[in-house]
Every structure is written in C-alpha cells, then in structure tokens.
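**Q** Please see the structure below; I have some questions.
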Amino acid sequence: MIYGLISKRDCELLLGQQRVGTFVIRFSESYPGFFAVSYVTKTDQGDIVMHYLVDHTDIGSQKTLPDFLRSKDQFQYLAQL
C-alpha cells in the first residue's frame with residue numbers, strides 16, 4: 001500500500017514507536033513523481049526513521065516496486081495505518 005501524501009515529519013511520528021523493519025511508501029516531497037520509503041532501522045544511537053528515495057535504477061520495466069522492496073532486508077513490515 002502506498003500511503004501517498006504524507007510528510008517526512010509525519011512519517012517519523014507514525015513510525016516512531018514501530019519495530020525495526022517497519023516501513024511506509026509515500027510520494028517524495030522533494031522530488032515530485034518519485035516514491036520514498038520511510039523505515040525504522042537500528043543505529044548506534046538507537047532506533048531511528050530513515051528515508052530512502054526510490055529512483056529509476058531501483059525499479060523499471062524489469063523490476064517492480066514490490067520486487068525492489070522484497071530485495072531489501074530493511075523493508076520487512078508494512079506499517080498498519
């Protein structure tokens with residue numbers, strides 16, 4: 001599911017209490033027409049929300065968005081909204 005029009009900040013609030021590996025797909029604010037994936041990851045400073053901009057090298061005619069997401073270990077659980 002693509003959440004759609006949600007800001008980075010709102011994603012950080014939404015994902016702030018979620019487990020590592022939880023993610024949301026959204027439209028990029030900075031790059032119109034692109035998707036971004038906001039996700040929870042573990043760092044030396046604790047669990048934080050990171051943002052990944054999906055570009056044309058990640059998806060295309062031979063690789064779909066679901067294929068891309070399945071290929072990345074950091075995207076494990078789609079956030080339940």
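The values are calculated or read from the model by the stated rules, or taken from the named source; none is laboratory data. If you're wondering where the values come from, they're calculated on a predicted model, not measured in any experiment. Reconstructed Cβ throughout: ideal geometry from the backbone, glycine too, with neighbour counts over all protein chains shown. Accessible surface is based on the protein model in full, side chains and every heavy atom, while ligands, DNA and RNA are left aside. Shrake-Rupley method; radii C 1.70, N 1.55, O 1.52, S 1.80 Å.
**Q** Which residues, counting only those in region 1-40, are part of a loop (DSSP other than H, G, I, E, B) and either hydrophobic (A, V, I, L, M, F, W, C) or surrounded by 14 or more Cβ atoms within 10 Å (Cβ to Cβ) (or both)? Spell out how you get there, then give the answer.
**A** First pass over region 1-40, keeping only residues part of a loop (DSSP other than H, G, I, E, B): 1, 5-7, 16-21, 28-34.
Passing the criteria: Met1, Leu5, Ile6, Gln18, Val20, Gly21, Ser28, Glu29, Phe34.
**Q** Filter region 41-58 down to the residues that are of a type in the set (S, T, N, Q) and open to solvent by 80 Å² or more (accessible area, probe 1.4 Å) and list them by number. Before the answer, list the steps.
**A** First, the residues of region 41-58 that are of a type in the set (S, T, N, Q): 41, 43, 45, 57.
Selection gives Gln45, Thr57.
**Q** So which pairs qualify, if the first residue must be in region 1-21 and free of Cβ contacts under 8 Å to residues at least 60 places away in the same chain, the second must be surrounded by 14 or more Cβ atoms within 10 Å (Cβ to Cβ) and of a type in the set (Gly, Ala, Ser), the Cβ gap must be under 9 Å, and the two must be at least 6 apart or on different chains?
**A** Pairs found: Ile6/Ser38; Lys8/Ala36; Lys8/Ser38; Cys11/Ala36; Cys11/Ser38; Cys11/Ala79; Glu12/Ser38.
**Q** Those residues that are without any contact (Cβ under 8 Å) to a residue 24 or more places away in the chain and in contact with a Ser or Thr (Cβ under 7 Å, 6 or more places away or on another chain), I need them from region 22-35; list them, please.
**A** Taking region 22-35 as the starting set, the residues that turn out to be without any contact (Cβ under 8 Å) to a residue 24 or more places away in the chain are 29-34.
Correct list: Glu29, Phe34.
**Q** What pairs can you find where one residue is in region 63-76 and touching a residue at least 24 places away in the same chain (Cβ under 8 Å) and more than 11 Å from Tyr39 (Cβ to Cβ), the other is open to solvent by less than 60 Å² (accessible area, probe 1.4 Å) and assigned to a loop (DSSP other than H, G, I, E, B), and their Cβ atoms are less than 8 Å apart, with a gap of 6+ or different chains?
**A** Matching pairs, first to second residue: Leu65/Ile59.
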